[in-house]
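Novice: The structure that follows is given in the form of structure tokens.
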2 protein chains.
Amino acid sequence: MSTIFFLIYMFLNMLSTYLKPEIIRNRINNTFDNIAYIRYYIRKLIGQAKSINLQSTLSIDMAVTIRDIARRVGVTKATVSLVLTGGKSSVRISDTTRNKVLEAAKALNYFPSFHARALVKGRTFTLGLVIGEIHSPYYSELASLAMEEAESQGYHMLVSVTRWSVEKELECLDMLLRRRVDGILFATAALRPGVRQFDYLQEQKFPIAHLGFSTGFSSVRSDWEPGMDQAAEYLQGKGHRRIGFLVGSDFELVGDERRIALEASCAKRGLACEVVRCSPTIEAARLAGAQMTRSNDRPSAVIVQSDHLAIGLIRGLHDQAVHVPDGISIIGCDGTRDGESSIPSLTTIAQDLRRQVRESVEIVLQMIANREMPRKDILIPTKLIVRDSA
Amino acid sequence: MSTIFFLIYMFLNMLSTYLKPEIIRNRINNTFDNIAYIRYYIRKLIGQAKSINLQSTLSIDMAVTIRDIARRVGVTKATVSLVLTGGKSSVRISDTTRNKVLEAAKALNYFPSFHARALVKGRTFTLGLVIGEIHSPYYSELASLAMEEAESQGYHMLVSVTRWSVEKELECLDMLLRRRVDGILFATAALRPGVRQFDYLQEQKFPIAHLGFSTGFSSVRSDWEPGMDQAAEYLQGKGHRRIGFLVGSDFELVGDERRIALEASCAKRGLACEVVRCSPTIEAARLAGAQMTRSNDRPSAVIVQSDHLAIGLIRGLHDQAVHVPDGISIIGCDGTRDGESSIPSLTTIAQDLRRQVRESVEIVLQMIANREMPRKDILIPTKLIVRDSA
DNA sequence: GTGAAAGCGCTAACAA
DNA sequence: TTGTTAGCGCTTTCAC
């Protein structure tokens, strides 16, 4: 009697093992072709029979998966995966199978799920770029170059704009971390010691490079000394004795390095250096230009914190009939493209943006490869480009 | 005898049930604190004991998961998930538990995995933006506005730059589909009927809006007629009889609509309209400007396909001492910001970019909500902004 | 050369 | 109020 019990029990046990939903599904999936509603009804039937969780079964998603391919070809998901991941694995797949799988993938319009892959691999091959804005020439160029550079290294770039708000910057950061980017390029400066995210990233040795600033992580910045010195020398050569410097005050971190470099150079050369401040908008610069014309006692040359503001300043001077470079000499900073075609074209202290981007991406990639990489701070020299405005 | 067999078998069966790796892991995980290497060794031990797959266990990932929180608080993953997803669900969690969970999440620096969530929800709350470039004023403004708009609707924007290459555009598209974006904003024009991706998206009724073009999906474009007509009227009022139109030839689709609108308007008004072509770079426009000065028989006013090229053209004219607007009148198209501060400031036919972006995001969101939404084609009127260049 | 199955982190239906 | 469990789509180890 017990023997019978035993046998029945064994049978049931076997059954229950082989009735594991995943296994049933595999079997059934292999039987039918890729018609979503058949899949749907089958799952539903299984669900009714075995009380399977129906959650997202209810919303039929049309995306094709490796299972659909497997079913069509008559192999298992594993085989399909091996074929599609390039098969660099030691496991070999027969050419017949491989071709069938590839064909099926094409026929069914298969797009591998990035998320599934990210989940299992723990890597996303995506970098994040935290940036204040992307609609000004300098930053859009930066973003553009960064995306290009990342792509050339086999990564994607996830751009995240902070609109220069500290709060938003931390949000962006959270977002990037939730998205599990492999590394981050920082082109803003809110993240500083003491902020929770900062400490976390520091502690995790998270692959980060700071671009244009330096507040604790590896950084890549412009060295303003050579450029500013060339500018001062150039202006001195032209007979200027008093040099103005226009700072857009919201970007203190940006402006200060430049200002300090200029002041040092002026001091060295015995030139007067006068700092003027305005808001970091082109309209403010324009206003500053207009105001400048009202004083008879103004510097004969002004270096402006950015090309963008320089163009505003020139415009403001022009509004008051003070022309550049005859009435006053203007030099911008950054070396953006729009200084080339402006009238007058802009003499500028150019940053090597491409090289900065390249170096910072490289730092991040190195840190991805090895989190123990020591901190690096790279300075990239600026240089004067002489055009018409000074 | 068989009874003993039976009992042993039952025991073994029970054991095997309770030794399901996931269950063991849960139990053990709840016992220890969040120390990655302990986790690692435990898994490894289990692995040795039960021959568990060690795959990614080998690369200890430091990311904190809901399991870590659950373990710390002493509840299950499900509870944690309920707390963290906002608990809008009917299930209620005691305040004690909730607080403990939230605290633990903060203490452990928990960042929910976007990918895991995307996988299970089938939604990413991410839109893709396919765009040709982001370093020119018009497109960087477009990208910027699109990101802002998406964000205000609770979505993120994944920007994907095609560098105006058809091939690259299709790659970008694949990328976005692999990343399972919920919808796509198209600001380029390579995707046309016949292309595999096009047919696929069409068939899937994938949420797409075409911005600036119209090749088969819902679209949002500028209506150039009013703006061009205003421009023609304005120029006519100033006594111009021959109007030139400068097209950057690579953007035929862009240029043609504008040209056709202008030609129609000129015909209506009895004005001559002369089309000049150049490459779509600012340098080419500059060259075109220089060339224009060489002919005595040139139009007295030129409308340029974009502000960007207009600035190049003005610069080219300026190089040859033909000044704007005295020597020749120039009108740009697009209404980008840098026309405001240029010298002379640029008269332009402005697009309402913000509204275009808003409408197209809305279309995409509507299609996400309901794929059966019929196709929509929205035209947004342009208008003349008079400044100094004409 | 291919199949079986576990696991990545999370959600949600159902059970208790 | 909380726990249990299946499943999202994919990779990879192990076994045959």
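Novice: Given that compact globular proteins tend to follow 2.2 N^0.38 Å, what is the ratio of the alpha-carbon Rg of the range A:66-112 to that value?
Specialist: 0.99
Novice: How shielded is A:173-182 by partner chains, expressed as the average number of their Cβ atoms within 10 Å of its Cβ atoms?
Specialist: Other-chain Cβ atoms within 10 Å of each residue's Cβ, averaged: 4.
Novice: D for the range A:223-352, whole µm²/s, Stokes-Einstein with Kirkwood Rh over alpha-carbon pairs at 10 °C and 1.306 mPa s: what number?
Specialist: 112 µm²/s
Novice: While we're on this one: Over all residues in B:275-287, what is the mean tally of Cβ atoms on other chains that come within 10 Å of each residue's Cβ?
Specialist: That average works out to 1.
Novice: Rounded to a whole number, what % of the accessible area of the range B:270-388 do carbon and sulfur atoms account for, probe 1.4 Å?
Specialist: 48 percent
Novice: Averaged per residue, what accessible area in Å² does the range B:247-390 show with a 1.4 Å probe, protein chains only?
Specialist: Per-residue accessible area for the range B:247-390 comes out at 43 Å².
Novice: Further, regarding this structure: At a 1.4 Å probe, which residues in the range B:326-368 are at least 40 Å² less accessible with all protein chains present than in their chain isolated?
Specialist: Checking the loss per residue gives B:Ser341, B:Ile343.
Novice: Quick query: amide H of B:Ile208 versus all other amide H atoms, modeled in the peptide plane; which residues come in under 5 Å with a sequence gap of 5 or more or a different chain?
Specialist: B:Ile184
Novice: Next up: Let me know the charge dipole size of the range A:66-112 about its Cα centre in debye, to the nearest 20, where only the beta-carbon of Lys, Arg (+1) and Asp, Glu (-1) is charged.
Specialist: Charge dipole of the range A:66-112: 80 debye, to the nearest 20.
Novice: Could you report the buried accessible area between A and B, both sides summed, computed with a 1.4 Å probe and given in Å² to the nearest 100?
Specialist: Heavy-atom accessible area buried at this interface is about 5900 Å².
Novice: Provide a list, ordered by number, of residues in the range A:304-319 showing at least 50 Å² less accessible area with every protein chain present than when their chain is taken on its own, using a 1.4 Å probe.
Specialist: The answer is A:Arg315 - residues whose exposure falls by at least 50 Å² when every protein chain is included.
Novice: A further question follows. Given H placed on each backbone N at 1.01 Å, which residues far from A:Ile385 in sequence or on other chains put an amide H within less than 5 Å of it?
Specialist: It is A:Thr348, A:Ile349, A:Ala350, by chain and number.
Novice: Please compute the volume of the convex hull spanned by the alpha-carbon atoms of the range B:124-163 and report it per residue in Å³.
Specialist: Enclosed volume per residue, from the Cα hull, is 43 Å³.
Novice: Which aspartates and glutamates have a Cα less than 20 Å from the Cα of B:Lys106, not counting those fewer than 8 places away in the same chain?
Specialist: A:Glu167, A:Glu169, A:Glu171, A:Asp174, A:Asp199, A:Glu203, B:Asp33, B:Asp61, B:Asp68, B:Asp95
Novice: In the calculated pair distance distribution of the range B:190-289, what percentage of Cα-Cα distances lie above 18 Å?
Specialist: 59 percent
Novice: On average, how many beta carbons from a partner chain sit within 10 Å of the beta carbon of a residue in B:140-149?
Specialist: Taking the mean over all residues of the peptide, I get 4.
Novice: Would you please put B:256-263, A:193-200 in order of how densely packed they are, using the mean number of other Cβ atoms within 10 angstrom per residue and starting with the highest?
Specialist: The peptides rank, most packed first, as B:256-263, A:193-200.
Novice: What is the set of long-range amide H partners of A:Cys273 at a cut-off below 5 Å, with H atoms built 1.01 Å from backbone N?
Specialist: Sorted by chain and number, the residues that satisfy this are A:Ile243.
Novice: Along the charge dipole of the range A:127-206, pointing to its positive end and built from +1/-1 on Cβ of Lys, Arg, Asp and Glu, which listed residue (A:Val166, A:Phe186, A:Leu127) has its Cα farthest out?
Specialist: So the residue we want is A:Val166.
Novice: Normalising by the residue count of the range B:152-211, find the relative contact order in percent from Cα pairs under 8 Å and 6+ residues apart.
Specialist: 32 percent
Novice: Now for a different question. With only Lys, Arg, Asp and Glu charged, each at its Cβ (+1 for the first two, -1 for the last two), find how big the charge dipole of the range B:223-352 is about the Cα centre; round to the nearest 20 debye.
Specialist: Roughly 580 debye for the range B:223-352.
Novice: My understanding is that a pair violates if its Cα-Cα distance is over 22 Å; which of A:Lys238/A:Lys383; A:Lys77/B:Lys77; B:Lys77/B:Lys121 do that in this structure?
Specialist: Pairs exceeding 22 Å: A:Lys77/B:Lys77.
The values are calculated or read from the model by the stated rules, or taken from the named source; none is laboratory data. Just so it is clear, the model here is predicted, and its values are computed rather than measured. Quick reminder, even Gly has a Cβ in these numbers, built from the backbone with ideal geometry, and neighbours come from all protein chains shown. Just the protein is used for accessible areas: all its heavy atoms, side chains included, with ligands, DNA and RNA removed. Shrake-Rupley method; radii C 1.70, N 1.55, O 1.52, S 1.80 Å.
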